[in-house]
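Notes to accompany the following structure.
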Amino acid sequence: MELVYSQQKERREVAELPDRELAVRAREGDMVCFEALVTRKTPAVVSLARRIVGSAEDARDVAQMVFLRVWNEIHRYDSRYSLNTWLYRIATNLSIDFLRSSRSRERAHGATLHLVRAREEATAGDATRTAEDAELSQLFEAVSCRLSEKQKAAFVLREMQDCETREIAEILGCGESTVRNHLFNARRILRKEMERLYPEFLRGRNRP
Amino acid sequence: MSTPSAANPVCAIIRASFEPYRRDALPSPQRRMLREHLLACEGCRSAAAAEDPTLRFARPLHEPVSEGETREILAAVMTGVDLLKTERRIRMGGRGRARGLRVGSAAAAAAAAVAAAVLVSSGWGILQSPMPGRAIAGASAAAPAPAAASAASVSAAPASAPAMQPAAMAEAEPAPSPDATVYDWNPGAGREEPRVVWIVDRGLDI
């Protein structure tokens, strides 16, 4: 009983540690800290992977791979740098690898069908932020098929994860000017796709 | 479509910032301000979408992940970590043999382990996928070093199924020899947590 209480207390204490401290302790073999790290970072990793791979189910699979990679390579983590940048780099690379597989490519192309249903659901119910998020999420899936993996990752990291250009350059392993180039091209392609597939989105939310 | 309101100068400033935002030329504080304003102001959101439809994505889009899903991911990751630890132990054993530390016959040498993980937890996951190839791909992505010694055979058997079905094993790996030892690790019995079955087959020299 005392042991259980002690473990719970330890977990509570660990949950309050900053990211870097958690990562450093995990690097030293502290599995409680590693578990806390996984629990804390799962939503962010799943969100990032979801935007890149285009499927919630696949994103959860990628998240598992990401944390396994983190455990395997935690000895390489340099605590002078942000944990998020390191983690996002792993998550982005694995998501891109996953996206390159033919299976996930097929799913991404099939997303257009889901868009219709998502929009019906979003307009049938009350216009909550969640419904709007779901609608935008499905829209992005449908129109981002023509982006290259790097363009997609750069756009997602910049727009949806709100990362700095410098941070994205570090995550993607390229220069800041290349990131800007990816962003510019991604925006151009997305705009073209939205105009082609969903011209009603140009007219704001007051759709006919 | 609404136009910038003279009564609300903030809206006018925000709308004038759309162009530098698109060029990624807006300093961070202004960029943050624009994004926060777009979340709160329906009029500016419409104006932004009319100017450039891609500005619809200028907001955090979080994927809802429930506590239960987080727990499932954590459970699958920890099971994968256990498998990776075993792979490392096996690889270290292999290196020891290469240095001439092996004594005795193959059967008496460091036990060759075939780790067969049967994750009897409902749901999804690379370690619970019904597709063995994919599960192995996930494990090898996490462990780039050759993992030939370990064969992670994954089954998506329902919780009520027996822990180990010889037929299911035969699909991915040869059945263990009769003198193999089976370790059944099921710490979360009855709580839909992963269950791991290890088979240590001393008759197999890897």
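A short reminder: the numbers here are calculations on the coordinates, not readings from a lab. Every value quoted in this text rests on a predicted model; they were computed, and no experiment measured them. Glycine also receives a Cβ, built like all others from the backbone with ideal geometry; neighbour counts cover every protein chain displayed.
As a proxy for reagent exposure, A:152, A:9, A:192 were ordered by neighbouring Cβ count within 10 angstrom, fewest first; the result is A:9, A:192, A:152. Counted by neighbouring Cβ atoms within 10 Å, the residues B:18, A:34 run from fewest to most as B:18, A:34.
Remark: spin-label model distance residue A:13-residue B:19 equals 5.8 nm, labels positioned 7 Å along the Cα→Cβ axis.
Give the dimensionless ratio obtained when the Cα radius of gyration of the range A:1-103 is divided by 2.2 N^0.38 Å.
That ratio works out to 1.16.
In plain terms, the residue of B:33, A:194, B:92 with the fewest other Cβ atoms within 10 Å comes first and the most crowded comes last, giving B:92, B:33, A:194. In terms of distances greater than 24 angstrom between alpha carbons, the cross-link table entries A:41/B:85; A:41/A:192; A:150/B:85; A:9/B:85 yield A:41/A:192; A:150/B:85; A:9/B:85.
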